[in-house]
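A short reminder: the numbers here are calculations on the coordinates, not readings from a lab. In this text the structure is predicted, and so the values were computed from the model without any measurement. Note: ideal-geometry Cβ built from the backbone for every residue, glycine included; neighbour counts use all protein chains shown.
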Amino acid sequence: MQNKTPFTIAIIGGGAAGLMAAITAAKEGATVHLYEQNIALAKKILASGNGRCNISNARLSTTDYFGEKPEFVDFCLKNFTFEQLQKFCKSIGLFLNLLDDGRAYPLSNEAKSVALSFESAAKSCGVQLFTEQTVTRVEKTEAKFYLHGEEKVPQAYDRVLIATGSEAAPQLGGSALGYAIAESFGHTVLATYPSLVQLHLDSSVHEKISGAKLEAEVTLYLNGKKEQTIKGDILFTKYGISGFAILDISQKASQALLNYERVSIGLDLLPLFDRQALSTQLLALSQSLGGYTMATLLSGLLSIKIAATLLEDAKVEPSTLAKELSIKTAKQIVSKIKDWRFEVKETHGFKHAEVSGGGVSTAEVNAKSMESLKCKGLYFAGEVLDIVGRRGGYNFHFAWASGYLAAKEMANTKF
Ligand SMILES: Cc1cc2nc3c(=O)[nH]c(=O)nc-3n(C[C@H](O)[C@H](O)[C@H](O)COP(=O)(O)OP(=O)(O)OC[C@H]3O[C@@H](n4cnc5c(N)ncnc54)[C@H](O)[C@@H]3O)c2cc1C
């Protein structure tokens, strides 16, 4: 441990950003108190990556992030790279497994290892942990900060880090309190919206095929204009549609819904076929297997559930005999298979979202220190800021990197 810095630091939020900041500041010798509203720390870490925690990504770039000023992440990512995270994790006893596509997981493949390593490191560095302590207000008097919860905390702090995360997943501690604290210091909070979230469709179809899962190419249309195409799993549900490809397009879809844009998706259920080849194939089969119904004919290409519903939606009676298939009807069916359009009504909401877009405006935070430009000694890290990443470990990496940067500054910068 280095020479003790004279600073006493309060960190609000015991998630990824708060834990990284607490360990880093304590290692620098600061006195660190960490406040967490939940009964236990790191609830989102524990629930992340389907219990495996996609902790980071070896291929990090600013283009993996969104917000009003995505370039805000530049310094942070350069200052704390994936390799530095890997080294840091090793120093606290946590080994990582790097997949070919760049995603990193704990070697144990268990999110529990991540939560346990970070919590144990914080304790062994001397961080004082206060769980079940919701901070509702922060007050600054003569260069000292005071925290308020149910009661005022008597301890005066030199610096405060707001690492309260976002409203996503309230069941795991998602909360808007950090935004209110930021606003009380004059910060602007940009409208928040759920991201990496399932979508609700305006259709009578999805309910009928609820449970059907397939690999498809999903195209997002905003006000009728093509915006993004992503290939991956989709899953029809009672409320609409889910799956990795849907989560991936949800960032832009949700932001557009917030701005009252018309949002729709087009599903290509058979991306390996082009329209002409599919049409020719269907017509040929309709002759050689003319005694089949159209539903049976299509079920050799698509799931049975989807085949019948898609035919109905294309205004083709599923029990029609294949031999009756005309060129025009074949085109109608192919159009649905290659571009099944659905209007998106809304997202599945913060409760089901992995992250939130919007948050504390990065225009009012120093990107090289994470310090507030409105109030000396006040810092921000993690998802509370108007930065949201793609799926693939990017959100955690920003939390680690911004927590690390803020901690170094809080522990060492003299005013
Ligand atoms: C189900 C799920 C799966 C995910 N999987 C991944 C993944 O695999 N990879 C990835 O990169 N990202 C993933 N994410 C996103 C990732 O969890 C977040 O981006 C990350 O946790 C943000 O870190 P943070 O420290 O900013 O906020 P959080 O981890 O949310 O931590 C904030 C903490 O502050 C506490 N808090 C809030 N307000 C107060 C207050 N007023 N007083 C005291 N405490 C307070 C909260 O209880 C919480 O513990 C997932 C999210 C969810 C919900």
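For Val334, Val189, Val365, what ranking results if the residue with the fewest other Cβ atoms within 10 Å of its Cβ goes first?
Final ranking by Cβ density, sparse to dense: Val189, Val334, Val365.
Please give the charge dipole size of the range 279-338, origin at the Cα centre, charges +1 on K and R Cβ atoms and -1 on D and E Cβ atoms. Round to the nearest 20 debye.
Result for the range 279-338 is approximately 180 debye, rounded to the nearest 20.
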Checklist entry - How about the range 112-177: which GluC sites (Glu not before Pro) there lie in a loop by DSSP and see at most 12 other Cβ atoms within 10 Å? => result Glu132, Glu142, Glu150, Glu151
Next on the checklist: Quick query: amide H of Asn97 versus all other amide H atoms, modeled in the peptide plane; which residues come in under 5 Å with a sequence gap of 5 or more or a different chain?
Outcome noted: Tyr105, Leu107
Checklist entry - Could you give the angle, 0 to 90 degrees to the nearest 10, between helix 275-288's Cα long axis and the longest principal axis of the Cα atoms of the chain? => result 40
Checklist outcome for this item: Counting only residues 5 or more apart in sequence or on a different chain, those whose built amide H sits under 5 Å from that of Ser195 are Glu354, Val355, Ser356, Gly357
Item to check | Footprinting exposure proxy for Leu285, Leu116, Leu405 (fewest neighbouring C-beta atoms within 10 Å first) | outcome: Leu285, Leu116, Leu405
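For the chain, give me the percentage of DSSP beta bridges that are antiparallel, rounded to the nearest 5 percent. If you can, show how the numbers build up before the last one.
Numbers: 50 of 66 bridges.
Bridges in the chain that DSSP calls antiparallel: roughly 75 percent.
Considering Cα pairs under 8 angstrom that are at least six residues apart, work out the relative contact order of the chain and quote it in whole percent. Don't jump to the answer; show the numbers that get you there.
Values: 941 pairs, mean separation 99.9, N = 415.
This gives 24 percent for the chain.
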Checklist outcome for this item: Between the alpha carbon centres of the range 231-271 and the range 47-112 the gap in Å comes to 25
Item to check | Vicinal HN-Hα couplings computed from phi for the range 302-316 (Karplus, 6.51 cos²θ - 1.76 cosθ + 1.60; Hz; Gly/Pro x) | outcome: 10, 4, 4, 4, 5, 3, 5, 5, 5, 4, 4, 5, 8, 6, 10
Checklist entry - Residue by residue, what Karplus-based ³J(HN,Hα) values in Hz, rounded to whole numbers, does the range 341-353 have, using 6.51, -1.76 and 1.60 with θ = phi - 60° and x for Gly and Pro? => result 8, 9, 7, 9, 7, 6, 8, 7, x, 4, 4, 9, 7
Item to check | Charge dipole of the chain about the Cα centre (unit charges at C-beta), most positive-ward option of Ser299, Ser356, Ile241 | outcome: Ser299
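Any number yet on Rg/Rh for the chain, C-alpha, Kirkwood?
Values: Rg = 25.3 Å, Rh = 23.1 Å.
Ratio of gyration radius to Kirkwood radius: 1.09.
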Checklist entry - What does a probe at Gln171 reach in the range 327-355, counting residues whose amide N is under 16 Å from the point 7 Å along Cα→Cβ? => result 348-355
Item to check | Listed residues Val365, Ser286, Gln332: farthest to the positive end of the dipole of the chain (Cβ charges) | outcome: Ser286
Next on the checklist: Per 0.36 nm of contour for each residue apart, how much would the distance between Ile304 and Arg137 grow if the chain were fully extended, relative to their Cα-Cα spacing?
Outcome noted: 54.5 nm
Item to check | Protection proxy ranking, peptides 366-372, 268-274, average beta carbon neighbours within 10 Å, highest first | outcome: 366-372, 268-274
Item to check | the range 269-295 residues near the modelled Lys331 label - backbone nitrogen below 18 Å, point 7 Å along Cα→Cβ | outcome: 274-284
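Mind ordering 175-182, 83-90, 346-353 by average Cβ neighbours within 10 Å, highest first? It would help to have the intermediate numbers written out before the result.
On the way: 175-182: 21.1, 83-90: 15.9, 346-353: 18.8.
Listed from highest to lowest mean packing, they are 175-182, 346-353, 83-90.
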Checklist entry - Can you give me the Cα centroid spacing of the range 157-190 and the range 370-415 in angstrom? => result 12
Next on the checklist: Taking amide H atoms as placed 1.01 Å from N in the peptide plane, list the residues 5 or more away in sequence, or in a different chain, whose amide H sits under 5 Å from that of Val263.
Outcome noted: Asn223, Val344
Checklist entry - How much mean residue ellipticity at 222 nm does the chain get from its helices, if each DSSP H run of length 4 or more adds -39500 (n - 2.57) and you divide by all residues, to the nearest 500 deg cm²/dmol? => result -9500 deg cm²/dmol
Checklist outcome for this item: All alpha-carbon distances of the range 279-338, grouped into 10 Å bins from 0, give the whole-percent distribution 27, 66, 7
